[in-house]
Amino acid sequence: MSTGEPLLILGSGRLFERVRMQWPQREPRREIRTVELAMDDIATLQETVLHSHPAGATRVFAAFDSTALNFARLDLLSRLRLLGYRADTFVHPSAFVDATATIAENCYIAEGAVVGPRARIAYNCFLGAGVRLGHQVQVQHSCWIEAGVTCGDGCGIGMHSILGLGVIVGHGVKIGNYCGLEVPAHHDTDVSDRTYFHPQFDRPVRIYTA
């Protein structure tokens with residue numbers, strides 16, 4: 001999903017390391033620059049690193065990892081968009097994306113992942129190695145789906161949700177916003193917003209805001 005324009009990759013963590021290594025292999029003739037950032041650098045981004053990378057002539061990719069850094073990745077992407085930048089998406093050569101599927105910007109699709117017909121992946125999402133998304137799966141923005149996760153036909157994943165290793169989401173099941181499914185399990189019923197399944201807890205935990 002390249003435009004051929006120079007690419008600037010910003011961020012830190014394992015996602016940053018992945019794209020820093022894999023993107024030049026994917027597009028060896030493209031000019032690709034990388035800048036490692038701490039979260040504290042995001043607020044002063046324009047002054048520190050962007051002056052030599054004009055928005056009209058550079059594409060970007062914001063790379064931070066899951067959990068709380070989902071929000072850092074979104075913050076970085078949002079600031080870049082406000083400054084006029086457009087983001088690219090990385091699809092590994094061994095991944096399969098159906099021609100009728102839609103993938104928005106600043107997404108990472110890892111090796112061996114499969115995105116089925118008419119699936120829709122919103123911006124700023126991560127799909128790990130071997131992820132399987134079925135027919136008409138809907139993934140909202142800023143989700144992190146770890147390696148080997150399977151999402152059945154017609155299911156929906158709410159924004160800022162994290163699906164950990166070994167998670168299976170059944171056909172038509174809806175996972176709410178801000179959920180964390182960190183325990184390997186088969187979910188065959190809907191999961192409410194802000195629900196967490198974690199090895200430290202023997203039952204699901206709901207997080208309520210004030």
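The values are calculated or read from the model by the stated rules, or taken from the named source; none is laboratory data. Everything quoted here is computed from the prediction, not taken from an experiment. Positions of Cβ are backbone-derived with ideal geometry, glycine not excepted, and every protein chain shown enters the neighbour counts.
Number of residues in segment 165-178 that are modelled with pLDDT of 95 or more and assigned to a loop (DSSP other than H, G, I, E, B) equals 7. Annotation for segment 147-164: at least one member residue is buried (at least 19 other Cβ atoms within 10 Å of the Cβ), in contact with a Ser or Thr (Cβ under 8 Å, 6 or more places away or on another chain), closer than 23 Å to T100 by Cβ and not charged (D, E, K, R). Listed by first and then second residue, the pairs linking a residue in segment 184-205 that is surrounded by 11 or more Cβ atoms within 10 Å (Cβ to Cβ) to a residue that is of a type in the set (S, T, N, Q), with Cβ atoms under 8 Å apart and 6 or more places separating them unless they lie on different chains, are D193/N177; R194/N177; R194/T209; P204/T195; V205/T195. Taken over segment 122-164, the criterion of being in a strand (DSSP E or B) and within 21 Å of R18 (Cα to Cα) is satisfied by F126, L127, R132, W144, I145, I162, L163.
Against the conditions (1) under 20 Å from T89 (Cβ atoms); (2) touching a strand residue (DSSP E or B) at 6+ places or on another chain (Cβ under 7 Å), G170 satisfies every one except (1). Within segment 98-107, identify whether any single residue is of a type in the set (A, V, I, L, M, F, W, C) and crowded, with 23+ Cβ neighbours inside 10 Å, and answer yes or no. Checking segment 98-107: at least one residue is of a type in the set (A, V, I, L, M, F, W, C) and crowded, with 23+ Cβ neighbours inside 10 Å. Scanning segment 22-40 turns up one or more residues that are more than 28 Å from A129 (Cα to Cα) and over 18 Å from the mean Cα position of the chain (by Cα).
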